[in-house]
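Participant: If you scroll down you'll find the structure; I have some questions about it.
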Amino acid sequence: MIADNDGAPATLLEVGETFLGDADLSFDAYTSQAIYVAEVERVWGKTWQWACREEAIPEPGDWTVYDVAHYSVLIVRQMDRTVRAFVNSCPHRGMQFADSGSSGHGKQFIRCPFHGMQWHLDGSLREIPCRWDFPHIRDDSFGLTAVRVASWGGFVFINLDPEAPSLKAYLDVLPRHFAHAPLDRRRVSIHIAKVMPGNWKMCIEAFLEAFHVLATHPEGARYTADAAADYDVLGPHVSRFMHSLGIPSSHLKRHIAEPDVVADVVADMGFDPAGLKPGQSARAYIADAMRAAFGAQFGIDYSNTSTAEILDSVQYFVFPNAFFFPGVLLRMVYRFRPIDPDHCLFEILVLDPLPDGVPVPPPAPVVALAANETYEGVPGFRFGQVFDQDTENFRRQTAGIKASAKGRQTLGNCQEVRVRHLRQTLAIYLNQLS
Ligand code: FES
Ligand SMILES: [Fe+2]
């Protein structure tokens with residue numbers, strides 16, 4: 001990135017290794033039911049998690065339900081276009097107002113489907129059928145239970161803990177680091193959801209390092225500088241890696257010619273590797289090709305966009321469960337949610353940049369993949385093979401962890417520092433008095 005010398009944002013040039021210790025970490029964190037139960041209360045009940053995109057609920061009365069573990073939150077666009085969130089459980093006898101994972105448009109008020117009690121969109125009581133039978137309740141103390149809500153980058157976040165720090169404090173450096181890549185100016189063009197055969201942390205951790213590229217994604221080693229990736233711990237909840245493309249892995253014994261690097265990266269985009277000029281690096285050529293291709297695709301002028309922004313895998317993790325990419329080629333968001341100690345729901349969203357002034361269109365519908373369906377089959381998704389390879393690892397790693405006699409993992413100090421960081425942040429939450 002520094003060697004590109006073509007105007008990468010200062011935040012991408014801020015790099016620094018962090019040493020967080022080298023002790024083995026127990027596999028109990030992935031297998032213990034007791035730890036899973038503690039996480040539900042102390043992590044999922046106390047952290048900021050993005051629940052939906054703003055454009056999923058654009059108009060007053062639009063709503064969606066976000067669920068994690070046993071928690072369920074109803075998120076509602078208000079008449080004044082702000083967003084409020086409520087526990088998705090009726091104060092009368094506990095009925096869910098709407099099914100887990102559902103969404104809809106144009107609610108005038110919130111009506112419980114069981115006995116028909118009603119609340120205004122702001123959560124205040126509107127009507128109780130047979131009001132005479134409830135002389136013991138006061139209207140002003142029978143509102144819906146509010147859940148904290150805040151927005152960043154076009155994402156609506158919720159936090160079930162009234163005592164938690166603000167979203168702004170929680171995200172720390174993140175808004176500053178995304179100033180050059182505003183995610184609120186993007187549209188969800190692909191949204192894939194699939195249940196992963198592994199503990200939520202184990203699956204997340206596979207995306208926190210590029211160390212596994214050589215063995216798991218060997219074709220990628222021909223054009224990614226995996227061993228040269230930067231790993232940065234940027235705050236209690238935020239870490240990052242930056243992984244340059246267009247440069248072969250230093251692990252490879254055989255020299256990969258520059259035209260071959262070009263061919264590996266852009267052949268499927270219709271570019272001719274023969275266009276590489278004498279003395280031009282594959283990385284520079286690919287970046288130029290991407291500037292032209294994405295410029296045409298998105299209607300955005302990328303002529304002054306740095307190589308790192310257009311090409312590299314720059315990826316921020318926000319504890320406990322979200323990844324955000326500021327890049328253009330790699331422009332995903334991931335979200336993980338626990339199902340049980342051995343399974344989690346993994347969602348991949350592709351966020352396409354929008355030209356100035358264009359309203360954000362509704363998000364693409366979710367493509368729900370069954371366990372036996374591959375990412376390669378998802379129309380328009382470029383990286384299916386990679387995620388299929390990762391999924392296969394999860395099945396085996398879960399089995400291997402259970403078979404382990406050692407009972408602990410041993411991490412690399414640099415390349416796996418974000419795994420240790422996640423576990424250290426987790427320990428802080430789990431050790432809090434509830
Ligand atoms: S449970 Fe909601 S109105 Fe009765
Ligand atoms: Fe991977």
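FYI, it's all coordinate maths here, none of it is from the lab. Bear in mind the structure is a predicted one, so any value in this text is a computation, not a measurement. Here Cβ is always computed from backbone atoms with ideal geometry, including for glycine, and neighbour counts include all displayed protein chains.
Participant: What does the C-alpha gyration tensor say about the overall shape of the stretch 49-163? Classify as rounded when a/c is under 1.5, otherwise prolate if a/b is larger than b/c, or oblate.
Facilitator: Here the stretch 49-163 falls in the prolate category.
Participant: Under 14 Å from the 7 Å Cα→Cβ point of residue 46, by amide nitrogen: which residues of the stretch 145-175?
Facilitator: Label zone hits: 160-165.
Participant: Kindly rank 397-407, 377-387 from highest to lowest mean number of other beta carbons found within 10 Å of each residue.
Facilitator: Result, highest mean first: 377-387, 397-407.
Participant: Sum up the charges of everything whose Cβ sits under 15 Å from the Cβ of residue 255, counting Lys and Arg as +1 and Asp and Glu as -1, but leave residue 255 out.
Facilitator: It works out to a net charge of 0.
Participant: Below 8 Å, C-alpha to C-alpha, sequence gap of six or more: please give me the relative contact order for the stretch 49-163 in percent. Kindly include the intermediate steps, with their values, before the conclusion.
Facilitator: Numbers: 233 pairs, mean separation 31.0, N = 115.
27 percent.
Participant: Same structure, new question: Loop only by DSSP, 15 or fewer other Cβ within 10 Å of the Cβ. Give me the trypsin sites (Lys or Arg not before Pro) in the stretch 71-146 that pass, ordered by residue number.
Facilitator: When the trypsin sites (Lys or Arg not before Pro) of the stretch 71-146 are filtered for loop state and at most 15 Cβ neighbours within 10 Å, 81, 93, 138 remain.
Participant: Let me ask something additional. Hey, what number do you get for the chain at 222 nm if only DSSP H runs of n ≥ 4 count, each worth -39500 (n - 2.57), divided across all residues, to the nearest 500?
Facilitator: Using -39500 (n - 2.57) per qualifying helix, the result is -6500 deg cm²/dmol.
Participant: I'd like the orientation of helix 417-431 relative to the chain: the angle between its Cα long axis and the longest Cα principal axis, in ° from 0 to 90, rounded to 10.
Facilitator: Result, in degrees: 20.
Participant: Now a separate question. Pairing rule first: another cysteine's C-beta must sit under 4.7 Å. Under that rule, which cysteines of the chain stay single?
Facilitator: 52, 130, 203, 344, 414
Participant: Return one number: the angle in degrees, 0 to 90 and rounded to the nearest 10, between the long axis of the Cα atoms of helix 384-403 and the longest principal axis of the Cα atoms of the chain.
Facilitator: With both axes taken from Cα atoms, the answer is about 70 degrees.
Participant: Which net charge results for the neighbourhood of residue 205, defined as the other residues with beta-carbon distances under 12 angstrom from its beta-carbon, given Lys and Arg at +1 and Asp and Glu at -1?
Facilitator: +1
Participant: A further question follows. Where does each of 115-125, 283-293, 146-156 land if you order them by average Cβ count within 10 Å, highest first?
Facilitator: Highest to lowest by the protection proxy: 283-293, 146-156, 115-125.
Participant: Put a dot 7 Å past each Cα toward the Cβ at residue 272 and residue 386; how far apart are the dots in nm?
Facilitator: 2.8
Participant: Only sites in a loop by DSSP and with at most 15 other Cβ atoms within 10 Å count here; which GluC sites (Glu not before Pro) in the stretch 12-83 make the cut?
Facilitator: Hits after loop and neighbour filter: 14, 17.
Participant: If neighbour count is taken as other Cβ atoms inside 10 Å, put 414, 130, 344 in order from fewest to most.
Facilitator: Numbers: 414 15, 130 9, 344 23.
The order, fewest Cβ neighbours first, is 130, 414, 344.
Participant: Could you work out the local net charge near residue 287, counting Lys and Arg as +1, Asp and Glu as -1, over the other residues with Cβ closer than 11 Å to its Cβ?
Facilitator: Local net charge: -3.
Participant: In the stretch 160-229, which GluC sites (Glu not before Pro) fall in coil by DSSP and have 10 or fewer other Cβ atoms within 10 Å?
Facilitator: In loop regions of the stretch 160-229 (DSSP not H, G, I, E or B), the sparsely surrounded GluC sites (Glu not before Pro) are 163.
Participant: Would you check the chain for Lys pairs whose C-alpha atoms are within less than 28 Å, ignoring same-chain pairs closer than 8 in sequence, and give me the count?
Facilitator: Step by step, the pairs that qualify in the chain add up to 8.
Participant: Further, regarding this structure: For the stretch 230-303, what relative contact order do you get, as a whole percent, if you take Cα pairs closer than 8 Å and at least 6 residues apart?
Facilitator: 21
Participant: Can I ask one more? Considering amide H positions built from the backbone, and no H for Pro or chain starts, which residues 5 or more places from residue 155, or on another chain, come under 5 Å of its amide H?
Facilitator: 54
Participant: A follow-up question, please. Where in the stretch 200-242 is the amide nitrogen less than 18 Å from a point lying 7 Å along the Cα-to-Cβ axis of residue 427?
Facilitator: What the label zone holds, given the 18 Å backbone N cut-off, is 201-202, 205, 233-239.
Participant: Along the Cα→Cβ direction, 7 angstrom out, place labels at residue 408 and residue 79. What is the inter-label distance in nm?
Facilitator: About 6.1 nm separates the two model spin labels.
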